Amino acid sequence: MGEGISDYTRFVVDLRRHMWMAGVETELRRLIWQIAVTGKYISAKIHESNRKLAGFKNLYGEDQLSLDRNADDILKNQLEYSGFVREYASEEQDAVIQIGKGQEKYFVTADPLDGSSLVDTNLSIGTIIGIHKEPIFSCGKDSMVAALYITYGPLITMVYSAGKGTHEFVLNREGEYVLSQECIMLEERGSLYSPGGLRKDFTERHLKYLEYLEAQGYKLRYSGGFVPDINQVLIKRGGIFTYPALKKSPRGKLRLLFELQPMAFIIEQAGGIATDGTDPILSLRVEGLDQRCPIYIGSRFEVEKAMEFLAQNS
Ligand code: AHG
Ligand code: MN
Ligand code: MN
């Protein structure tokens, strides 16, 4: 490195530099950068809220917007000004919102604040984003070009994939996202399991699968926040997260468009797999904003094992 370049500059790879070096296309790079920056504003709102949730009154007795709505507003405004986004679909909105002029390249989905009910407990929460090159009512594998999530925990981290591996960044004190792990790859088989849903609502086959994992010595790791729970599987290099079909709700709980597609994209890019128990999450067609879907996501071994159990005749 040349003279005048500080140690800091020499060793730090920030998000923009990383995407440039990885050959991510210019507009997509800028869009991902803008969304990552938005994470800083959302985090500031979480701090400002002093951990209070929806429907509380401010000093003057006025109703406050919930944190979810605040996060949604911040994201929508940022994306509107970016100039790269034609449509915005969010868990906080009833319909897809046209935010561009019609020529823009990208369609963005958001779960602006996932796990917001955990704010009062000070567990990690997150933002989940999907970036599509086609209108969102299609299959993830045809339309998705990138996905990212941000965790608001002891540290703020950002994990993205633009189809060239999955990478983690940490927001440093200077307000920059600094590369911490590049091309994260899951092991073929992990050692933790993260099972959503209540045992009394599980199907027989799903229950048998969980009993198999337990007998094999898998460690239970479930926080109730999708972002930190998936992040744990990724950062610990394997294991499984599942939110299955339940007796009362055969479509499970989590949303295909806002939650499952982006995480499936990120985990597949890290060498893992994501299915609804039968088919890959990214092969499923999105037909409605509120569409739910069971999920088995993580290391290849555990997900394929789940599919075996679910296919068995008991
Ligand atoms: P959201 O806060 O966006 O509504 O999502 C909550 C989700 C997700 O974070 C988590 O995986 C799941 O709900 C937890 O569900 P249970 O409370 O049934 O465990
Ligand atoms: Mn959510
Ligand atoms: Mn949410």
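With helices defined as uninterrupted DSSP H runs, which ones in the chain have an alpha carbon span along their own long axis of at least 27 Å and mean Kyte-Doolittle hydropathy of at least -0.5? Mind showing how you got there, number by number?
Working: long enough: 26-48 (34 Å, -0.08).
Result, helices passing both filters: 26-48.
If only the Cβ of Lys and Arg carry +1 and only the Cβ of Asp and Glu carry -1, the dipole of the stretch 192-311 around its Cα centre is close to 300 debye. The residues of the stretch 11-181 expose on average 46 square angstrom of accessible surface per residue, using a 1.4 Å probe on protein heavy atoms. Under the definition of Cα pairs under 8 Å and six or more residues apart, what whole-number percent is the relative contact order of the chain? Reported relative contact order: 15 percent. Phi-derived couplings, Karplus 6.51 cos²θ - 1.76 cosθ + 1.60 at θ = phi - 60°, listed residue by residue for the stretch 170-184: 10, 6, 8, 5, 7, x, 10, 7, 10, 4, 10, 9, 10, 6, 5 Hz, with x used for Gly and Pro. Could you tell me which of rounded, prolate or oblate describes the stretch 11-181, using a ≥ b ≥ c as the square roots of the eigenvalues of the alpha-carbon gyration tensor, with rounded for a/c under 1.5 and, failing that, prolate when a/b is larger than b/c and oblate otherwise? Here the stretch 11-181 falls in the oblate category.
On full extension of the chain, what length is gained from ALA95 through ASP120, given 0.36 nm per residue of separation minus the C-alpha to C-alpha distance?
Contour length minus the Cα-Cα distance gives 6.1 nm.
Once the Cβ-Cβ distance between LYS133 and GLU80 is put in as r, and R0 is 30 Å, what FRET efficiency do you end up with, to the nearest 0.05? That gives a FRET efficiency of 0.95.
If you run the Gaussian network model on the chain, springs between alpha carbon atoms under 10 Å, then out of ASN50, ASN70, ASN231 the most flexible one is ASN50.
Taking 27 Å as the straight-line reach from the Cα of LYS236, the lysines in range (excluding those fewer than 8 positions away in the same chain) are LYS40, LYS141, LYS164, LYS208, LYS219, LYS253, LYS305. Run the paramagnetic zone check for GLN312: 7 angstrom along Cα to Cβ, then residues of the stretch 188-203 with backbone nitrogen under 16 Å. In the stretch 188-203, the label zone of GLN312 (backbone N under 16 Å from the point 7 Å along Cα→Cβ) covers 203. Can you pull the accessible area of PHE137 for me, 1.4 Å probe, Å² to the nearest 10? Probe radius 1.4 Å; accessible area of PHE137 about 90 Å². Taking the 1.4 Å solvent-accessible surface of the chain as the whole, the part contributed by carbon and sulfur is 48%.
Bridging of LYS105 to aspartates and glutamates at a Cα separation below 18 Å is possible for GLU25, GLU27, GLU80, GLU87, GLU134, ASP142, once same-chain residues fewer than 8 apart are set aside. The modelled label-to-label distance between GLU27 and ILE235, using points 7 Å beyond Cα along the C-beta direction, is 3.4 nm. Distance between the modelled labels on TRP20 and LEU155, one decimal in nanometres: 2.4 nm (7 Å Cα→Cβ projection). Between GLU182 and GLU304, the distance separating the two model label sites (each 7 Å from Cα on the Cα→Cβ line) works out to 3.0 nm.
Taken per residue, the accessible surface of the stretch 192-311 reaches 39 Å², heavy atoms only and a 1.4 Å probe.
Grab the beta carbon distance between LEU220 and GLN291, set R0 = 35 Å, and tell me the FRET efficiency rounded to 0.05.
Step by step, r from the Cβ atoms, then E = 0.75.
Residues TYR41, TYR177 ordered from highest to lowest accessible area at a 1.4 Å probe: TYR41, TYR177.
The values are calculated or read from the model by the stated rules, or taken from the named source; none is laboratory data. What you see is a predicted model, and the numbers here were worked out from it, not measured in a lab. All Cβ positions, glycine included, derive from the backbone under ideal geometry; neighbour counts span all protein chains shown. Each accessible area value is taken on the protein alone, full model and side chains, heavy atoms only, with ligands, DNA and RNA left out. Shrake-Rupley method; radii C 1.70, N 1.55, O 1.52, S 1.80 Å.
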